[in-house]
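Trainee: Below you'll find the structure I mean.
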């Protein structure tokens, strides 16, 4: 439960608050589409307001600035992705890995605009946007580590190995949603097997991090 949810516990929402939250969510949904089709720098607040069919002041009211609006869009996008990727913790380790990767691919396939926003972070360099993206990467690494090693906090070497795998998954997945020549099942199997290879290398370099039996056999 996040901070805003905790503050809301025990406090009834007013009809005005519900309308305000719904309006904000609507603006974020519109923004996902706008920023997926046009770069951040190419869209002015006037452009956004016109395409969203709202007064520019309404966007300032909810998000304070264009950058605030963009960050809200990215943060909203990553919440669903992290939740999906981290699901299935009740499953055995190997099934959990398959579930995590399949959920990740399904999210990218079904939410292509949001996924591109998360991974590419828009045009240019924005430290806060990149921090959000890095948070997603760390969440995926922690989920894989928990499934493989039984803990989320791991040493630098295995963390770097898994992080490198996650970054390669991002690039591969971006290409896949642009050129879906493989089925999702085939993509999942490919990524699971490359993860197995990464885990075997990690074990060779640090014997404390033993690859799961299926990883040593190629998963």
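The values are calculated or read from the model by the stated rules, or taken from the named source; none is laboratory data. All values reported here derive from a predicted model rather than from experimental measurement. All Cβ positions, glycine included, derive from the backbone under ideal geometry; neighbour counts span all protein chains shown.
Trainee: Go through region 1-43 residue by residue and tally those that are at pLDDT 60 or above and part of a loop (DSSP other than H, G, I, E, B).
Mentor: The qualifying residues number 6.
Trainee: Quick one: in region 52-95, which of the residues that are modelled with pLDDT of 85 or more and in a loop (DSSP other than H, G, I, E, B) is surrounded by the most Cβ atoms within 10 Å (Cβ to Cβ)?
Mentor: 54
Trainee: Further, regarding this structure: Within region 111-126, identify whether any single residue is without any contact (Cβ under 8 Å) to a residue 12 or more places away in the chain and either assigned to a helix (DSSP H, G or I) or farther than 21 Å from residue 35 by Cα (or both), and answer yes or no.
Mentor: No, every residue in region 111-126 fails to be without any contact (Cβ under 8 Å) to a residue 12 or more places away in the chain and either assigned to a helix (DSSP H, G or I) or farther than 21 Å from residue 35 by Cα (or both).
Trainee: Which condition does residue 117 not pass, out of (1) buried (at least 16 other Cβ atoms within 10 Å of the Cβ); (2) under 13 Å from residue 132 (Cβ atoms); (3) not assigned by TED's automatic domain parsing to the domain that holds residue 185, if it passes all the others?
Mentor: The failed condition is (3).
Trainee: Oh, and also: When you scan region 152-219 for helices (runs of 4 or more DSSP H) that lie fully inside it, which ones turn up with 2 or more residues that are in contact (Cβ under 8 Å) with a residue 60 or more places away in the chain and over 20 Å from the mean Cα position of the chain (by Cα)?
Mentor: Here the list reads 213-216.
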